[in-house]
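**Q** This is the structure, below, for whatever I ask next.
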Amino acid sequence: MTDQSPFVDIRHAQKSFGTLEVLKDISLQVQQGEIVAIIGPSGSGKSTLLRAINDLDPLTGGEVWLEDMQVNKALPHRQYEAHINKVRQQIGMVFQHFNLFPHLTVRGNITLAPRMLKGLSAEEADKLAEEQLAHVGLSDRIDYYPSQLSGGQKQRVAIARALAMQPKVMLFDEATSALDPELVEEVNLVMKRLAEAHMTMIIVTHEMGFAESVCDRVLFMDEGVVVEEGPPSVIFHNPQNERTRNFLRKHLADNNG
Amino acid sequence: MDFELMLRIYPFFLEAAWVTIQLSILTTILGLICGTLGAAARLSRFATLRFTGAAYVSIIRGTPALIQLFILYFGGPQVGIQLDAFEAGVIGLGVNIGAYMTETMRGAIISVDKGQREAARTLGMSQFQAFRRVILPQALRLMIRPLGVNINALIKGTALVAAISVVELTYTAQRYIGSTYKPFEMFLLSGVLYMVIIYVTGKGIAYLDQKVRLQ
Ligand SMILES: Nc1ncnc2c1ncn2[C@@H]1O[C@H](COP(=O)(O)OP(=O)(O)O)[C@@H](O)[C@H]1O
Ligand SMILES: [Mg+2]
């Protein structure tokens, strides 16, 4: 598809918590199938921007669009609720701390939303759970509880849970930051496969190597603005902005020291 | 110690224990109802309800339960509320413990990790759906033990209704002291029966907690 209009369109996003301005007029267009990484120091507003896309942290200014639908529409409470629940079904999100439902098995975690929201029967939902688990390589864990899984397995289940809703876009907020180093790769692999399947993804990450190998475009954020953006080859190997260079140098030093 | 007297008189105490048990059960039920409504009010998105819930909790917790019982039982008729002693006991104690249960339930609900709500909402669930299918099942598990503490307090609190002459364990002890002049034996009998009731209840709650506990 050579669709010219952006799939996800963030226009002049502005966000303040009280007097603290966290996002300062950020615009970001993501095309269908595009994979965008957002990097930057802690506190720069990466999560806030990501969470604005499904209105989990509503913006104080600007607009978010998914295809031809405005996500953060101003509507009366009840209408807004109905609207946002529909929109969120189309936007998958993966959290740093997995947020699996501990009282449900892996099967329950994956089937809950499709059954409630898409009216799938128990059999249909089961089949869906089996498919999704096969994708993330955890078919044999379907009847386990989250507490019986490793961190990497939990995150793979969380990804399967999000994918079971057949979202148009996937948002990842430091999906591997809470994992022991040896468990990072299995999650990265799942994300790489999604990339190969042309899932539209916006990925907040501290893993520059991963971002470089998977993403089409990288945004460097600092203090609520996009300081620099471009293809990974430029951002990682030939950054134009001083702040980007400083960040990458410091990041490299921290990770080697 | 007069064992012979105790053996002779204990059947009357068993009857009284049954009254205490009935009081405890009905009070627990009413308390859970008040607690559920109270917690719902405290967590409502409407300010008036939040205020009402908070007022209920602070009034009840800010005054002695005995005064609440007296107002209801002795003061009630003045404003047209006619209750017998047992009814007044159940309602007074139930509304009282309900305020504590309000805080217990609210505490359990808000202590469910906020990431749970976020994950549910992100999948597209409504606030109500997220609450019912994700938050509440976890909160219920978290509240069993602290509700057990409330119920333990409630059972001991039933002794207060002796003051409005409900013939339960404490009142019965006092009554037989009048004719036997053996306060030690009489209160001991009551105390032992309270302990049995509390012990069994505690075991039940621990079992329930164990049964539904998240691994
Ligand atoms: N709910 C909130 N209330 C107040 N301040 C917040 C809230 N969430 C985030 N912030 C602040 O916004 C800034 C950006 O946070 P965040 O988007 O989480 O940064 P990042 O993900 O890049 O580390 C930080 O200074 C953080 O303290
Ligand atoms: Mg963050």
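**Q** Is it the case that some residue within region A:6-14 is touching a strand residue (DSSP E or B) at 6+ places or on another chain (Cβ under 9 Å) and among the aromatic types (Phe, Trp, Tyr)? Before you say what the answer is, go through the steps one by one.
**A** Quick first cut of region A:6-14, residues touching a strand residue (DSSP E or B) at 6+ places or on another chain (Cβ under 9 Å) only: A:6-14.
In the following step, the residues that additionally are among the aromatic types (Phe, Trp, Tyr) were identified as A:7.
The answer is yes, given that some residue of region A:6-14 is touching a strand residue (DSSP E or B) at 6+ places or on another chain (Cβ under 9 Å) and among the aromatic types (Phe, Trp, Tyr).
**Q** Follow-up question, since we're still on this one. Identify all residues within region B:58-103 that are polar (S, T, N, Q), in a helix (DSSP H, G or I) and free of Cβ contacts under 8 Å to residues at least 12 places away in the same chain; write none if there are none.
**A** First pass over region B:58-103, keeping only residues polar (S, T, N, Q): B:58, B:63, B:68, B:78, B:82, B:96, B:102.
Imposing the further condition that a residue be in a helix (DSSP H, G or I) reduces the set to B:58, B:68, B:78, B:96, B:102.
Within region B:58-103, B:58, B:78 qualify.
**Q** Since residue A:113 meets every condition but one in (1) open to solvent by 10 Å² or more (accessible area, probe 1.4 Å); (2) of a type in the set (A, V, I, L, M); (3) under 20 Å from residue B:128 (Cβ atoms); (4) more than 16 Å from ligand 1 (Cβ to nearest atom), which condition does it not meet?
**A** (1)
**Q** Turning to a different aspect of this structure: Show the residue pairs that are 6+ apart or on different chains and have beta-carbon atoms under 9 Å apart, the first residue being within region A:232-257 and among the aliphatic types (A, V, I, L, M), the second being in a loop (DSSP other than H, G, I, E, B) and exposed (fewer than 15 other Cβ atoms within 10 Å of the Cβ).
**A** Going by the 9 Å Cβ cut-off, the qualifying pairs are A:234/A:240.
**Q** From the set of residues in region A:48-57 that are near ligand 1 (Cβ under 8 Å from one of its atoms) and surrounded by 20 or more Cβ atoms within 10 Å (Cβ to Cβ), which is nearest to the other protein chains (Cβ to nearest Cβ)? Full working, then the answer.
**A** First pass over region A:48-57, keeping only residues near ligand 1 (Cβ under 8 Å from one of its atoms): A:48-51, A:57.
Pick out the ones that are also surrounded by 20 or more Cβ atoms within 10 Å (Cβ to Cβ) and you get A:48-51.
Values: A:48: 13, A:49: 15, A:50: 11, A:51: 9 Å.
The extreme case among them is A:51.
**Q** Could you go through region A:229-236 and let me know if any residue there is aromatic (Phe, Trp, Tyr), within 16 Å of ligand 1 (Cβ to nearest atom) and assigned to a helix (DSSP H, G or I). Working first, answer last.
**A** Our first condition is that a residue be aromatic (Phe, Trp, Tyr); within region A:229-236, this holds for A:236.
With the extra rule that they be within 16 Å of ligand 1 (Cβ to nearest atom), the set shrinks to none.
Checked against the condition, which is being aromatic (Phe, Trp, Tyr), within 16 Å of ligand 1 (Cβ to nearest atom) and assigned to a helix (DSSP H, G or I), region A:229-236 yields no hits at all.
**Q** On to the next question. If only one of B:122, B:102 is β-branched (Val, Ile, Thr) and within 7 Å of chain A (Cβ to nearest Cβ), which one is it? Before you say what the answer is, go through the steps one by one.
**A** On the way: B:102 fails: within 7 Å of chain A (Cβ to nearest Cβ).
Sole residue among the options that is β-branched (Val, Ile, Thr) and within 7 Å of chain A (Cβ to nearest Cβ): B:122.
**Q** Residues A:82, A:74: which one is within 14 Å of chain B (Cβ to nearest Cβ), more than 25 Å from residue A:219 (Cβ to Cβ) and either of a type in the set (A, V, I, L, M, F, W, C) or in contact with a Pro (Cβ under 6 Å, 6 or more places away or on another chain) (or both)?
**A** Numbers: A:74 fails: within 14 Å of chain B (Cβ to nearest Cβ).
Result of the check over A:82, A:74: A:82.
**Q** Looking at (1) open to solvent by 10 Å² or more (accessible area, probe 1.4 Å); (2) polar (S, T, N, Q); (3) not in a strand (DSSP E or B), find the lone condition where residue A:29 falls short.
**A** Condition (3) is where residue A:29 drops out.
**Q** Which of the following residues is more than 16 Å from ligand 2 (Cβ to nearest atom) and surrounded by fewer than 18 Cβ atoms within 10 Å (Cβ to Cβ): A:103, A:77? Quick ask: steps written out before the conclusion?
**A** On the way: A:103 fails: surrounded by fewer than 18 Cβ atoms within 10 Å (Cβ to Cβ).
Exactly one of A:103, A:77 is more than 16 Å from ligand 2 (Cβ to nearest atom) and surrounded by fewer than 18 Cβ atoms within 10 Å (Cβ to Cβ), namely A:77.
**Q** Separate question: Give the residue that is nearest to residue A:172 (Cα to Cα), with candidates limited to residues of region A:31-47 that are within 14 Å of ligand 2 (Cβ to nearest atom) and among the polar types (S, T, N, Q).
**A** Let us first name the residues in region A:31-47 that are within 14 Å of ligand 2 (Cβ to nearest atom), namely A:37-47.
When the remaining residues are screened for being among the polar types (S, T, N, Q), the result is A:42, A:44, A:47.
Details: A:42: 16, A:44: 16, A:47: 9 Å.
Within region A:31-47, the match that is nearest to residue A:172 (Cα to Cα) is A:47.
The values are calculated or read from the model by the stated rules, or taken from the named source; none is laboratory data. Being a predicted model, the structure only gives us computed values, none of them experimental. As a convention, Cβ positions derive from the backbone with ideal geometry for all residues, glycine included, and neighbour counts pool all protein chains shown. With ligands, DNA and RNA removed, areas are computed over all heavy atoms of the protein, side chains included. Shrake-Rupley method; radii C 1.70, N 1.55, O 1.52, S 1.80 Å.
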